[in-house]
Amino acid sequence: GENVEQHPSTLSVQEGDSAVIKCTYSDSASNYFPWYKQELGKGPQLIIDIRSNVGEKKDQRIAVTLNKTAKHFSLHITETQPEDSAVYFCAASGGNTPLVFGKGTRLSVIA
Amino acid sequence: NAGVTQTPKFRVLKTGQSMTLLCAQDMNHEYMYWYRQDPGMGLRLIHYSVGEGTTAKGEVPDGYNVSRLKKQNFLLGLESAAPSQTSVYFCASSYTHSNQPQHFGDGTRLSIL
């Protein structure tokens, strides 16, 4: 089955700097790659997703890139702000299989 | 439009007790999921359902049972709670497995003493 590895597990950046979180997946049939943000005491919330027919997607300060050949995808957050501090999860799925999540990255933005 | 609602938000049980966690969604989603979240382990799938009357095992199903009698509700049961089941439980729903996002509730924090 699918296996998703996520790095790093913790990340600290200065406010205004960029943050990058990377994930790899094992199943070449996977075709959907969402990213979730989880704030303290809340459930994960979708922030951006990408499908396998697209290499890059942007939404304001957030972007995701996908390299299907290498089986990895990354989340890029530019001009980080304190409210970006949270735990971020990547996930992957394909066909009729449920999402498989990475173990998460705790991002701290230092003002 | 409430999205995904989980009941209760907090619960403390003694070892051996039973309980049921309730998940309700108002988005007319076919697919529903139960996850547990433990420190450093991410989200692990317990059971899921692809429609009313169906259930399937996920990655960590042992010690749990589920039922989907109505499309909008997905129940997670612990028949004989164990300390290893202390966790935060999340319910989610979606239109399909892939190409559509899952929508999560805010979780149930369960402690087994």
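Things worth noting here:
- Under the criterion of Cα pairs below 8 Å and six or more residues apart, the relative contact order for region A:1-86 equals 32 percent.
- Near B:Leu22, once Lys and Arg are set to +1 and Asp and Glu to -1 for all other residues with Cβ below 13 Å from its Cβ, the sum equals +4.
- Counting only Cβ charges, +1 for Lys and Arg and -1 for Asp and Glu, the dipole size of chain B around its Cα centre is about 220 debye.
- About the Cα centre, charge dipole magnitude for the protein assembly as shown (Lys/Arg +1, Asp/Glu -1 at Cβ), debye: 380 debye
- Where GluC sites (Glu not before Pro) in DSSP loops with at most 14 other Cβ within 10 Å are excluded, longest remaining stretch of chain A: A:40-78
- Global geometry of region A:39-106, whether rounded, prolate or oblate, following the gyration tensor of its Cα atoms and the 1.5 cut on a/c: oblate
- Selection of trypsin sites (Lys or Arg not before Pro), region B:22-113, meeting DSSP coil and at most 13 other Cβ within 10 Å: B:Lys70
- Unit charges on C-beta of K, R, D, E only; dipole of chain A, Debye: 260 debye
- Summing +1 for each Lys or Arg and -1 for each Asp or Glu among the other residues whose beta-carbon sits under 12 angstrom from that of A:Gly104 gives +2.
- Whichever aspartates and glutamates have a C-alpha closer than 20 Å to that of A:Lys103, once near sequence neighbours (fewer than 8 apart) are set aside: A:Glu2, A:Glu5, A:Asp27, A:Glu39, A:Asp49, A:Asp84, B:Asp38, B:Glu59, B:Asp106
- Within 10 Å of each Cβ in A:15-27, the average number of Cβ atoms from other chains: 0
- Among A:Leu66, A:Leu75, A:Leu46, residue whose mean-square fluctuation peaks in a GNM of chain A (springs only between Cα atoms under 10 Å): A:Leu46
- Overall form of chain B per C-alpha gyration tensor (a/c, 1.5; a/b vs b/c): prolate
- Relative exposure of A:Thr65, B:Thr54, judged by other C-beta atoms within 10 Å (fewest first): B:Thr54, A:Thr65
- Relative contact order (%) - criterion: Cα under 8 Å, at least six apart; region: chain B: 35 percent
None of the figures in this text is laboratory data; all of them are computed from the coordinates on show. Just so we're clear, the structure is a prediction, and the values are computed from it rather than from any experiment. Quick reminder, even Gly has a Cβ in these numbers, built from the backbone with ideal geometry, and neighbours come from all protein chains shown.
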